[in-house]
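Everything on this sheet refers to the single structure shown next.
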Amino acid sequence: MNNRLINWFKYASPQSFYPIAGKMIPWFWALAAVFGVAGLYIGFGVAPTDAQQGEGYRIIFLHVPAAWMSMFIYLVMAFWAALGLAFNTRLSGMMASALAPTGAVFAFLALWTGALWGKPMWGAWWVWDARLTSELILLFLYIGFIALQSAIDDPRRADKAGAILALVGVVNIPIIYFSVKWWNTLHQGSSVSLTKSPSMAMTMLWGMLLCALAFWMYSIAVALMRARSIMLERERHTEWVRALLTDKE
Amino acid sequence: MLTLIRAVISRDLRLAMRRQADIVSAMFFFIIVVSLFPLGIGPEADLLRKLAPGVLWVAALLATMLSLPRLFADDHRDGTLEQLALAPQPLGLVVLGKVIAHWLVSGLPLALLAPILGIQFDLSNDALWVLTVSLLIGTPALSGIGAIGAALTLGVRGGGVLLSLLVLPLYIPVLIFGAGAVDATVTGLGPQAHLSLLGALTLGGVFFAPWATAAALRIALE
C-alpha cells in the first residue's frame, strides 16, 4: 500500500510526468482517431434516418458528446483545482489550466451545433431554454477562469486563484442549472429533450457513445500536450528542462 | 466574535461616510441606467411594466458591481489588509463584517431607491413592495458573491473588467429569482416561492462566501 502511494506521488512532479505524458499522447491520438472514424461511420453511414427529424438529427453525434464533455471537463478541472489547493502540488494547477481551453471549446461547439440543429427543428437559432442558458453560463465560467489565469503573472498565484474560482463555479453549477430551469418553466413549457426521446435506435446510441469516446480521447491527448507545454514554460529554469532541450539539439 | 464584526462594520462605514461621493455616484449610476431604458424602448406603459423587474434588477447588479473593486483595494494599498490577515481572529469574520458594511452602503440604498424608480415604470403598489423586499433580501448575496471576485482580482491587471467577467455569471441565480419575484406579482402569481429561494441563496452566499474570499485574500497577499 505504502509503495503504491509513493509511486502515485512520483508522477505528481513535472519532471517524471513529462516523459510519460509524452509517451501516452500518441496512443490517445490513435484511439481518438479510431473511435472518431467508427463513430462517424455509424452515425452518418449506418444509423437509420429519423422518422420525424429526417437527416438533420445526425448533428447529435457531435452535439451530445460535446455537451457531455463540456460539463465533465469542468468537473475534472474543479477536481484538479481542489487537489492543487489541498496538496499544493504544482502539476494539479497545470492540469486545470490545460483542461480549461478544451472545455471552453466543447461548450462553444455544443452551443454552435445546437444552433445548427435548432434552426431547422425549432425554427430558431437560439431559444432561452434552460439547457441552452446553463450551457452558455458554463461557457462564461470557462472564459472567466481563463481570463483570470492569464491576467495574473505569477503562475502559482494564478493556479490558486483559478482553483478558488473553479470551486466556486462548481458549487454554483447545480444552482444555475436549477434556477434557470425554474425560471424557464414560467415562460415556456415543452422543448425537445434528448433524454426523454421515446425510442433511440441501438445504432444511434452506439454512434453517439463512440463519438463521445473519441472526444474523451481527444480531450486527454490535447490536455496532456498543453500540460507538457505549460510544464516546459514554467520549469524552464530547471536542470531537467535544460537537459531535455540540449539533448534534442 | 460579534465585537470584531461590529468593529469592522463601524470602521468601514466611517471610511465610506468620509467619501460619500463614491456611494452617491453608484446611486446615480443606478438611476441613470434605469432611466435610459424608457428612452431607448419608448414610453408605452404596458411594455415598461413588463420590463421593469428585469431592468431594475440588472441595473442593481451593475451598480453593486461598480462599487466592488473598492471593497479591498484601499485596505490592500495601505497595508491594513495584511494586518487584518495577521490578526488572531479568523479572516473570514473580518470579511463578513466588510461584506455587511458594503451592503449597508450599496445594497440598502439601492433597495430604498428602487420603488421610486419603479413608479416611473408604472408598477402597481404590490409590485413596488415586492421589488423593495426582493432587493432587500437579494442584495446581501450580491455583496457576498462579489467579495470573492473582488478578492480574486485584487491587484491584478485590468481588475475591473475581469471582475465583471467573473462575478456576473455567478449573479445569474440571484437575478432570476429577484426579477422572478416581481414578475410573479405582476402576472398575479404569488412571489413567496421566489422570495424564499432568494432568501436561501442569500443565507448560503453570506455564510460561505466570506471563507472563499478569505482564502482568495490570503493568496493575493502571499
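Note down the magnitude of the dipole of the protein assembly as shown about its Cα centre, charges +1 on Lys and Arg C-beta and -1 on Asp and Glu C-beta and zero elsewhere, to the nearest 20 debye.
The dipole of the protein assembly as shown has a size of about 880 debye.
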Mean ellipticity per residue at 222 nm, deg cm²/dmol - from DSSP H runs of n ≥ 4 across chain A, formula -39500 (n - 2.57): -28000 deg cm²/dmol
³J(HN,Hα), Karplus 6.51/-1.76/1.60, whole Hz, each residue of region A:54-69, x for Gly, Pro: x, 7, x, 5, 5, 5, 4, 5, 9, 5, 5, x, 5, 5, 4, 5
Chains A and B, summed buried accessible surface - 1.4 Å probe, Å², nearest 100: 2200
³J(HN,Hα), Karplus 6.51/-1.76/1.60, whole Hz, each residue of region B:213-219, x for Gly, Pro: 4, 4, 4, 5, 5, 5, 5
Helix-derived mean residue ellipticity, 222 nm - over chain B, DSSP H n ≥ 4, -39500 (n - 2.57), to 500: -29000 deg cm²/dmol
Hits among aspartates and glutamates - C-alpha to C-alpha of A:Lys181 under 19 Å, sequence gap 8 or more where chains match: A:Asp129, A:Glu135, B:Asp183
Listed residues B:Asp22, B:Asp183, B:Asp74, most fluctuating in chain B (Gaussian network, C-alpha, under 10 Å): B:Asp74
Accessible area in square angstrom per residue, region B:67-222, 1.4 angstrom probe: 38
Charged-residue dipole, Cβ positions (Lys, Arg, Asp, Glu), region B:22-135 about Cα centre, Debye nearest 20: 80
Carbon/sulfur fraction of accessible area - region B:83-170, other protein chains in place, 1.4 Å, %: 71
Under the Karplus curve 6.51 cos²θ - 1.76 cosθ + 1.60, θ = phi - 60°, whole-Hz ³J(HN,Hα) for region B:142-149, x wherever Gly or Pro sits: 4, 5, x, 5, x, 4, 4, x
FRET efficiency, 1/(1 + (r/R0)^6) with R0 41 Å, evaluated for A:Arg157 and A:Trp206 via beta carbons: 0.35
Spin-label model distance (nm) - B:Phe208 vs A:Leu244, 7 Å beyond Cα toward Cβ: 3.7
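Within the P(r) computed for chain B, what percentage of the Cα pairs occupies the region above 33 Å?
Counting pairs separated by more than 33 Å, the tail of P(r) holds 17 percent.
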For chain B, size of Cβ-based charge dipole, Lys and Arg +1, Asp and Glu -1, in debye: 460
For residues of A:175-182, the mean tally of beta carbons on other chains within 10 Å: 5
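The values are calculated or read from the model by the stated rules, or taken from the named source; none is laboratory data. Quantities reported herein were computed from a predicted structural model and do not represent experimental measurements. Cβ coordinates were reconstructed from backbone atoms using ideal geometry, including for glycine residues, and neighbour counts include every protein chain displayed. All accessible areas refer to the heavy atoms of the entire protein, side chains included, with ligands and DNA or RNA removed. Shrake-Rupley method; radii C 1.70, N 1.55, O 1.52, S 1.80 Å.
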